[in-house]
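The structure appears right after this line, and notes come after that.
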Amino acid sequence: MNLTSTSTGLNGRNDSQLSGVEAISAAAESAGVVINLSSQSEGFAITGSSGADTITGGSDNDSINRGAGNDVLSGGDGNDFIDGAAGAFFGVSGPGNDTIDLGAGDDSSWALIAASGTISVSGGAGNDFMALFGATAASGTIDGGSGFDSMQAQQSGDISTLAISNVERLVTYNAYGNPSIKATAAQFESFDTIVSYVGQESDTVSLTLAGPGGVDLTDELLGRSVIFTGSSGDDTITTSNGNDTISGSGGNDSVNGGLGNDTFVFAANLAGSSVIADFEGGPGVGT
């Protein structure tokens, strides 16, 4: 079925009203289209226009291929495939197992991904930016591919359930009241840099360790200040040369704040002990 920007009568139809159709395409259109198949229980192959589209899949397994516009794409339930290609789009994956492909070309993609299920995100050869939304943490894989790729976590802030590779920069963002980015030690150290949304050297990032382990963020923070919260287990925490606030949060911890005027937080009701390796710090004195 081929659509134009003036086609009517498709959106909201249920299974009995729309049968015998497997593919819906607006590829010939330059103006944006709205395709809403949320009442459908069958899967469709959907192709958007080159304009700004809003496409919503049904409860089965859909394949959504966007055009060149800035689109809003929602796979709905089911195990969906969303082809991001180049440009900017907002992709919403439902509780199923969803695949999001940002394209194999050299162009860069800017993707906002709201996920509650299991996701598989593949970046291309360009410099991709992936922002994760969601009230609960998604699981699955994110592979940035080649290029210089950035990932931003919002709302839940928990990326510990994701297998992340080939993503060079982690971006923190607190506009939604998200207190911290939560990740494992290996995840934190897999990034080349960790910055705030603004990206200024003076900005403070807030990080939380998902489980016990050793983490050295000297290179990743590049001198930025950090509010770092350890796990309830035995942690070894090394930050950079900013004015840091470090809380071991229980367990037998070893902390090193590097240079700067650092603050070490202890709670009297937590078991375990902490060893501070650099209490004299830099020009100032740690607290």
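Can you list the residues, at least 5 places off or on another chain, whose amide H is less than 5 Å from the amide H of Val121, using H built in the peptide plane? It is Ile100, Thr141, Ile142, Asp143, by chain and number.
What FRET efficiency comes out for the pair Ser39/Phe148, r = Cβ-Cβ distance, R0 = 51 Å, nearest 0.05? Intermediate results must be reported in sequence, preceding the final value.
Details: r = 42 Å, r/R0 = 0.81.
After rounding to 0.05, the efficiency reads 0.75.
Here the 3J(HN,Hα) profile of the stretch 24-38, calculated from phi with Karplus coefficients 6.51, -1.76 and 1.60 at θ = phi - 60°, is 10, 10, 10, 4, 7, 8, 9, 8, x, 10, 10, 10, 10, 10, 5 Hz, Gly and Pro shown as x. Sorted fewest first by neighbouring Cβ atoms within 10 angstrom, Glu220, Glu29, Glu22 come out as Glu22, Glu29, Glu220.
Can you list the residues, at least 5 places off or on another chain, whose amide H is less than 5 Å from the amide H of Thr54, using H built in the peptide plane? Those qualifying (amide H under 5 Å, at least 5 residues apart or on another chain) are Val33, Val34, Ile35, Val72.
Bear in mind that the values in this text are calculations on the coordinates, not laboratory data. Treat the numbers as computed from the prediction; the structure is a model and nothing was measured. Note that each Cβ is placed from the backbone with ideal geometry, even for glycine, and that neighbours are counted across all protein chains shown.
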